[in-house]
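Worksheet: the structure to be examined is printed underneath.
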Amino acid sequence: MAGTVIAANWKMNKTTGQAIEFARGLKDALLKNPVAATVVIAPPFTGIGALATEFKDSNIFLAAQNMYPASQGAFTGEISGEMIVDAGCRYCIVGHSERRRLFGEDNAFINAKITAALHYGLMPIFCIGETLAERNSGATFMVLAEQLKEGLNKIPTNDIKKTVIAYEPVWAIGTGLTATPGQVQEAHLFIRNLLSEMYREKEAAGIPIIYGGSVTAANIGSLMAEQEINGALVGSASLELASFLAIVNFH
Ligand code: 13P
């Protein structure tokens, strides 16, 4: 059975001061009321160092929002997996639809990032999801299968155990349109079954499959009630502490 992961993707939000204020509040709240879920914060790169200090000796983990697959070299503006680990991250978001759409990332490039992340001991939070046009034309499962198979190309069984899959339908991100728990359950079951075919059933069963797309304190409970939904990747509703805490305490 997969563990529960609740991750905050802050995207391009928060100065270091704002990030530290949030982190202190979160750490205090979770010390007073521990939660069973693994809690992960993905700040912008500029906030990682300060939050690594804040979260030292806590069980809140850090994720980078992106990485470059090469280990070092002439890649102006990019950050390697080794640097991300060195800065204090345990996870790295890979393949977010905003990166696919705005920065032209394709499945092969995402596969290179996942391979590099695992090489450096980072746990990839690998995002997949269909657009509205793809859903409306009945192509959802085909798109998910293609993204999953190409993104995980040559990733061995031992490494898949360290991966989190985030199902993020593009039409539900930042739109206020949440996929229904039934739609998410259906997609997650499809992903789980495909992972069972690609790997062994036992490993597939242990991979957290989390949902992202307009998750709020109001809808997290009904999403988490579905068997195959193992957590959430939260954008806008993770920016305010009270709202993120309500999501983390979804029970
Ligand atoms: P929203 O929660 O703002 O829809 O963003 C979801 C997302 O993209 C998380 O990675």
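Observations on the structure shown:
- Tallying residues that are open to solvent by less than 10 Å² (accessible area, probe 1.4 Å) and either of a type in the set (S, T, Y) or touching a Gly at 6+ places or on another chain (Cβ under 8 Å) (or both) within the stretch 144-163 yields 3.
- Members of the stretch 211-250 found to be open to solvent by less than 30 Å² (accessible area, probe 1.4 Å), within 14 Å of the ligand (Cβ to nearest atom) and among the charged types (D, E, K, R), listed by number: none
The rows are residues; the columns are (1) in a loop (DSSP other than H, G, I, E, B); (2) in contact (Cβ under 8 Å) with a residue 40 or more places away in the chain.
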position	(1), (2)
V184	no, yes
S196	no, no
Y211	no, yes
A217	yes, no
I229	yes, yes
L233	no, yes
A237	no, no
S243	no, no
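- Filter result for I191 (more than 15 Å from the ligand (Cβ to nearest atom), buried (at least 18 other Cβ atoms within 10 Å of the Cβ), part of a loop (DSSP other than H, G, I, E, B) and at pLDDT 95 or above): no
Let's see how each residue does on (1) modelled with pLDDT under 95; (2) open to solvent by 40 Å² or more (accessible area, probe 1.4 Å); (3) on the phi < 0 side of the Ramachandran plot; (4) touching a Pro at 6+ places or on another chain (Cβ under 9 Å):
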{"site": "A8", "(1), (2), (3), (4)": "no, no, yes, yes"}
{"site": "L26", "(1), (2), (3), (4)": "no, no, yes, no"}
{"site": "L30", "(1), (2), (3), (4)": "no, no, yes, no"}
{"site": "F75", "(1), (2), (3), (4)": "no, yes, yes, no"}
{"site": "I79", "(1), (2), (3), (4)": "no, yes, yes, no"}
{"site": "E82", "(1), (2), (3), (4)": "no, yes, yes, no"}
{"site": "I93", "(1), (2), (3), (4)": "no, no, yes, yes"}
{"site": "H96", "(1), (2), (3), (4)": "no, no, yes, no"}
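- Flag set for Y167, criterion: within 15 Å of the ligand (Cβ to nearest atom), modelled with pLDDT of 95 or more and aromatic (F, W, Y).
The values are calculated or read from the model by the stated rules, or taken from the named source; none is laboratory data. It should be emphasised that the depicted structure is a prediction, and the values quoted were computed from it without experimental measurement. Cβ sites come from the backbone with ideal geometry, for glycine too, and all protein chains shown count toward neighbours. Remember, those area values only see protein heavy atoms, side chains included, never the ligands or the DNA or RNA. Shrake-Rupley method; radii C 1.70, N 1.55, O 1.52, S 1.80 Å.
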